[in-house]
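A quick write-up on the structure given underneath.
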Amino acid sequence: MKHPQRGTFLAVAVSLFCAVALAGGTAAAVTVALENGKYVLENDYLQLRVDPAQGGVVDHYLVKATGTQLVGEGCFMLGDHFWQQLWPGEFLNVPYEARVAAESPESVTLEVSRVSRGEGTSGASQKDIRMIRRMTLTSGSPLLHVEVAMENVGQVGKQAGYWSQSLLYPGGSKDDGQVLFRPGVRGVSMSLYDPESQLYSFTAEEPPQGFVRDPQQGWMATLGERSHLGVAFVMRYDELMFLYNCTSSYTNEWQYQTVGLPVGKTWTTDFVVYPLADLPRVDYASRTLVAAVEPEDVGGDLKLTLHLATVDSPLAQVTVTPEMILVRQDRKTLPLPAQELAQVGLQPALLSFATPHDPAEPVVLRFRVQGEAATGPVDETFEIWYGAQYGTNRQVDLSPLYALATPERHVTFLKPDRIEKVRNAVPQVLLCKGVYANAYLPPRLFNDLGAEVTSSYFTPAGTWPAQLSYFPVSYEDLMALDVIAVLNVDTAALGAGGQEMLKDFVNHGGTLVYGGDLWAYSRANLSGSPLADLLPVTFATGPEGQGKVEALGAAPVQVVAEGQPASPLAPAAVMEYATERFTLKPGARTVLACGERPVVVVWEVGEGRVIALTGTALGEPPPGSRLFTRTRQWRELLADLLQVEPTAP
């Protein structure tokens, strides 16, 4: 779909920021007042109203320069959720505590909070968490700064994923329609909603489900289709999980990855909200800049119009340096002449560029913006996809032809002040099961060991991310286990927090059994993950990043003992298929092999150990032989590695 063009704009009667006319003047003090049970925050740019009785949401957001009130009847901004509870959750339309946390002529901070009861589908995992939201309005700034905190006020560890939801009319009226923008690694997705026909359309970069599951930056924006007024939300990318719009309900929503909350610990994040105007679309938004790019092929040239504005204070001595990346020509990068501006402010500046271009060739356009702000130097770079006649940045397998650059993630894991491993008389085992899990660790093994087993089942990504039906929420529950087995489970189901907990579990004396086949390695999003660092092997995959199944033809499996010749695991014990090519890390040792291929590899980590199952239980052997995983000796080997003697013959 062709994006809205500037020629279709309705004139904005009063420019968003010119009417404020703060340049060279003095900004009025920011104020807060309690009116009929609601708090009203106000400065030169905005008037906000917060209703503590209805979830502490913003029920009035007025942009003074345009007279646009974005929150209509039945709408709200800044609703809180745990995404594990699904919608509507337990925080909407319920009373919050509220207080003015800080007040001065320069800024006002209003804090709203409520302690969760664990209602809905999540139960105790999200009980006794204090949800805190602090909203700060500053004199002379159109930015609303929002800090969110989740504090565990209970007696055991918790886990939760924060979800922010806003329902608003970007142009101040439902009839104005809406255009939604969200950055993904394939490009900025754009969807339009027609309130008259109640139909919506989307670009090829827009997933039909409404979710962007691979966000490229931490922002999302919406504009009125005719007024071209709107709002942007800019959040931290570090723990951002999904961006989402329920298009027909005018929502702007995003979810964060699940975080662990030990007793007394608090997770925090923050984001900013600011109004938009006079932009044809949104291709980039940060806490400093907002930009739109209009590319058009004309007469053998690619002509670019860049709309660039600041979101708060002006930027001086601005240099814009564009580049064009030829995606299908070995990513060849062609620089375009830089342009300079004495100043960029709240009103968008227009810059034009042109370069020869074959419209059949898709390109990535990269812009670097440098300048001086009152707070110091600014240097930001953003990329957009321009497919021209080539079209979308989606290949047959839905992967991008060119993955746009993403920021580095910086995640802080909250842990108890003291971590202690419990020693059990009866082994406690958590068995995380993906496909064919029983083929690798037969249920009888744990019966023989006299262990108590809790089974957890893997569910691949759907509406929500890949999940396990159970994984310890708290370090208390984690350290009460002796063995955790993870078999053919996508690492996404563990999340960064779960993988960090596994590392602590092993380092403090636990045993991790990890493995399977393709679904445990090349197709498990393992590469570059914290869990990959924990394993005693590395592996190489095929050119497409997917392991290849290789037929071995009933190859014998042998026990490998240091200083002794290899010996058969069992009479006619064989492996039919192999997947990845594994390499042992220094300090690891092979205890079972199939020729030169490791089948079981172990190593010590801290006070614990990791057992990697690198052979496969795939296929059916020829008559007279048995898959090695179906032999008694396989169970005995595993029992020995787990350092527990079997109780049955």
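The values are calculated or read from the model by the stated rules, or taken from the named source; none is laboratory data. Quick caveat: nothing in here was measured; it's all calculated off a predicted structure. Neighbour counts are summed over all protein chains in view; Cβ atoms, including those assigned to glycine, are modelled from backbone coordinates with ideal geometry. SASA here: full protein model, heavy atoms, side chains in, ligands and nucleic acids out. Shrake-Rupley method; radii C 1.70, N 1.55, O 1.52, S 1.80 Å.
Structural remarks
- For the chain: span of alpha carbons on each principal axis (Å, largest first): 87, 62, 48
- Spin-label model distance (nm) - Val153 vs Arg589, 7 Å beyond Cα toward Cβ: 5.3 nm
- Accessible area per residue was computed with a 1.4 Å probe on protein heavy atoms; Tyr193 scores about 20 Å².
- Dipole magnitude of the chain about its Cα centre (Cβ charges: Lys, Arg +1; Asp, Glu -1), debye to nearest 20: 1060 debye
- With protein chains left intact and a 1.4 Å probe, residues in the chain average 41 Å² of accessible area per residue.
- Placing a label point 7 Å from the Cα of Val94 along the Cα-to-Cβ direction, the residues of region 158-179 whose backbone N falls under 19 Å from that point are 158-166.
- Simple rule: put +1 on each Lys or Arg Cβ and -1 on each Asp or Glu Cβ in the chain, find the dipole, and look at Tyr39, Thr579, Ala292; the Cα lying farthest toward the positive end is Thr579.
- Cα-derived Rg to Rh of region 323-368, Kirkwood definition: 1.06
- Spin-label pair Ala388-Thr412: with each label point 7 Å from Cα along the Cα-Cβ axis, the two points sit 4.7 nm from one another.
- Gain on full extension, evaluated as 0.36 nm per residue between Gln395 and Thr538 minus their Cα-Cα distance, stands at 48.6 nm.
- Quotient of C-alpha Rg and 2.2 N^0.38 Å, computed over region 420-579: 1.12
- Relative compactness, region 24-139, computed as alpha-carbon Rg over 2.2 N^0.38 Å: 1.18
- Rh (Kirkwood; distinct C-alpha pairs) - region 353-406, Å: 13.4 Å
- Efficiency of FRET from Cβ geometry, Glu340 and Val298, R₀ 35 Å, rounded to 0.05: 0.90
- Lysines with Cα under 25 Å of Lys332, excluding same-chain neighbours fewer than 8 positions away: Lys303
- Nearest 10 degrees, 0 to 90: helix 495-507 Cα axis against the chain principal axis: 40 degrees
- Accessible heavy-atom area order of Glu562, Glu340, Glu576, Glu103, highest first, probe of 1.4 Å: Glu562, Glu340, Glu103, Glu576
- Look at the dipole of the chain built from charges on Cβ: of Pro622, Ser191, Pro314, the Cα furthest out on the positive end belongs to Pro622.
- Using the Cβ of Lys38 as centre and a radius below 13 Å, the other residues enclosed give a net charge of -3, where K and R count +1 and D and E count -1.
- For the chain, carbon and sulfur atoms together expose 50% of the accessible surface, with a 1.4 angstrom probe and every protein chain in place.
- Per-residue SASA entry for Glu225, accessible area with 1.4 Å probe, Å² rounded to 10: 60 Å²
- Among beta bridges that DSSP assigns inside region 370-529, antiparallel share in %, nearest 5: 25 percent
- Compactness of region 433-505, expressed as Rg and Dmax over alpha-carbon positions, Å: 12.8, 39
- Angle in degrees between helix 632-641 and the longest Cα principal axis of the chain, rounded to the nearest 10: 60 degrees
- In this entry, region 120-266 is assigned a mean projected area of 10.5 nm², taken as a quarter of its C-alpha convex hull surface.
- For the pair Glu550 and Leu86, label points projected 7 Å from Cα toward Cβ lie 4.6 nm apart.
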